[in-house]
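The structure under discussion appears below in the form of structure tokens.
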Amino acid sequence: MRIDNNNFAVTYEKYKNTVYSVIFSYVRNKEDSLDLMQETFIRLLKADSEFESDEHVKAWLIRVASNLSKNLLRDNNRYSDEEIPEQPYYDEHKDDTVLQKVMQLPEKYRIPIHLFYYEDYSVQQIAKVLDMREGTVKVNLKRGRDKLKEMLNGEDFI
């Protein structure tokens, strides 16, 4: 399957929240997140790639969004300490308390937890998208859950 002008709008609507939330979990800034989301979808439209399935498109988008976010942080040496907005762009998640605590985690825990719990990715898929070993993903998920539990005063939300 190839993404062209005919099916781009459908793909955009289907994955815009996922792409935004992945980027936001890196840059923690609404304006930069929207810019990078736009750049991610522009790259999709310009990509001369043949995708095997919708999951392949989703994985590609997450990988590009992740790389663009890392590049922005590295190149500009920027990091936003802004407050996390009361109503995130992707407000489909019911418990904002947990989401806000997830967003406060260090990147190496935040990204795998976000992909696992909010995007329903398996450990194997996360390892592939983030270019890590599965064991590393499992350890980061465990440590991230432990940190979250500590941040939530021992309550077990996940």
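Values quoted throughout were computed directly from the atomic coordinates according to the rules given, and no laboratory measurement underlies them. Worth saying up front: this structure is predicted, and the values here are computed from it rather than measured. Neighbour counts run over all protein chains shown; Cβ positions are idealised from the backbone, glycine included.
So here's what we get for this one:
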| read-out | value |
| --- | --- |
| Model label zone, M1; criterion: amide N under 13 Å from point 7 Å along Cα-to-beta-carbon; scope the range 20-60 | 50-60 |
| Under Karplus coefficients 6.51, -1.76 and 1.60, residue-wise ³J(HN,Hα) of the range 44-52 in Hz, glycine/proline x | 5, 5, 7, 5, 9, 10, 9, 9, 6 |
| Entries of K46/K101; K46/K147; K16/K128 with Cα pairs more than 29 Å apart | K46/K101; K46/K147 |
| Among 23-34, 126-137, the order from most to least packed when residues are scored by Cβ within 10 Å on average | 23-34, 126-137 |
